[in-house]
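Engineer: Handing you a structure now.
The values are calculated or read from the model by the stated rules, or taken from the named source; none is laboratory data. None of the values given here were measured: they were computed from a predicted structure. Quick reminder, even Gly has a Cβ in these numbers, built from the backbone with ideal geometry, and neighbours come from all protein chains shown.
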Amino acid sequence: MHVHDHSPGGGSASHSLLPSEPALRVKAIETLLVEKGLIDSAAVDAIVDQFENKIGPKIGAGIVAKAWTDPGFKQALLEDAAKVLADLGISGLGAEQVIAVENTETIHNVVVCTLCSCYPWAILGLPPGWYKSDAYRSRVVREPRKVLAEFGLELPEEIEIRVWDSTSEMRYLVLPRRPKGSDRLNETQLAALVTRDCMIGTALPRL
Ligand code: FE
């Protein structure tokens, strides 16, 4: 099964499985609330979009950009990310368990939770649907190079791929490499290059 599915609800007619029970329950509740005029589904979509794409990943992207421009900060982040986050006033939502792993010329890191969907919500927001899918969770540990290629990330054979399996006590932030040619960008401009997927390890920052 192809894991990189962006369609609403994370599936299409070709995927024969029903959505999970919690997803069905949420849909039923949302439908009732909309019918009774208590909520507006466009407002719900906007709120989810905020947490998935705006608030969460922007915090992580700011941290990555700071690490790219401040060697002392980067060293502290790699040594004890949870302490760095605490010093920045970021707490709760898994912030206390964050571990930063650095991509290098020879190592690429990618994060999964094979058991469920543990994720550093405090700095990345809500996980994407595919992160929680059975296909991603089971396949990225067995054939990471192939799964990454399906995301459009084709890594040369000489690059070692390290797959980090998260738990409720260990949530990983991938520190990607600063893109070549970004020397003139300031921290804010650099942060704009860092997407959520770059910090999960299924993409690389691009100029
Ligand atoms: Fe989990």
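Engineer: In region 50-72, is there at least one residue being part of a helix (DSSP H, G or I), hydrophobic (A, V, I, L, M, F, W, C), within 25 Å of Ala192 (Cα to Cα) and modelled with pLDDT under 80?
Structural biologist: Taking every residue of region 50-72 in turn, at least one turns out to be part of a helix (DSSP H, G or I), hydrophobic (A, V, I, L, M, F, W, C), within 25 Å of Ala192 (Cα to Cα) and modelled with pLDDT under 80.
Engineer: Among the residues that make up region 53-62, is at least one of them surrounded by fewer than 17 Cβ atoms within 10 Å (Cβ to Cβ), of a type in the set (S, T, N, Q) and over 19 Å from the mean Cα position of the chain (by Cα)?
Structural biologist: No, region 53-62 contains no residue that is surrounded by fewer than 17 Cβ atoms within 10 Å (Cβ to Cβ), of a type in the set (S, T, N, Q) and over 19 Å from the mean Cα position of the chain (by Cα).
Engineer: Select from region 158-194 the residues that are among the hydroxyl-bearing types (Ser, Thr, Tyr), at pLDDT 95 or above and surrounded by 12 or more Cβ atoms within 10 Å (Cβ to Cβ) and list them in ascending order.
Structural biologist: Within region 158-194, Ser166, Tyr172, Ser182 qualify.
Engineer: Quick check: anything in region 62-82 more than 26 Å from Asp183 (Cα to Cα), assigned by TED's automatic domain parsing to the domain that holds Arg184 and away from the ligand (no atom under 16 Å from the Cβ)?
Structural biologist: Scanning region 62-82, I find at least one residue that is more than 26 Å from Asp183 (Cα to Cα), assigned by TED's automatic domain parsing to the domain that holds Arg184 and away from the ligand (no atom under 16 Å from the Cβ), so the answer is yes.
Engineer: Sort out which residues of region 106-155 are among the small types (Gly, Ala, Ser), more than 24 Å from Ile59 (Cα to Cα) and free of Cβ contacts under 8 Å to residues at least 24 places away in the same chain, and write them in order of number.
Structural biologist: Ala149
Engineer: What residue, of Ala135, Ala149, is surrounded by fewer than 16 Cβ atoms within 10 Å (Cβ to Cβ), modelled with pLDDT of 95 or more and of a type in the set (Gly, Ala, Ser)?
Structural biologist: When all the criteria are applied, what remains is Ala149.
Engineer: Where in region 95-177 are the helices (runs of 4 or more DSSP H), entirely inside, with at least 3 residues that are within 16 Å of the ligand (Cβ to nearest atom) and touching a strand residue (DSSP E or B) at 6+ places or on another chain (Cβ under 9 Å)?
Structural biologist: 121-124, 134-142
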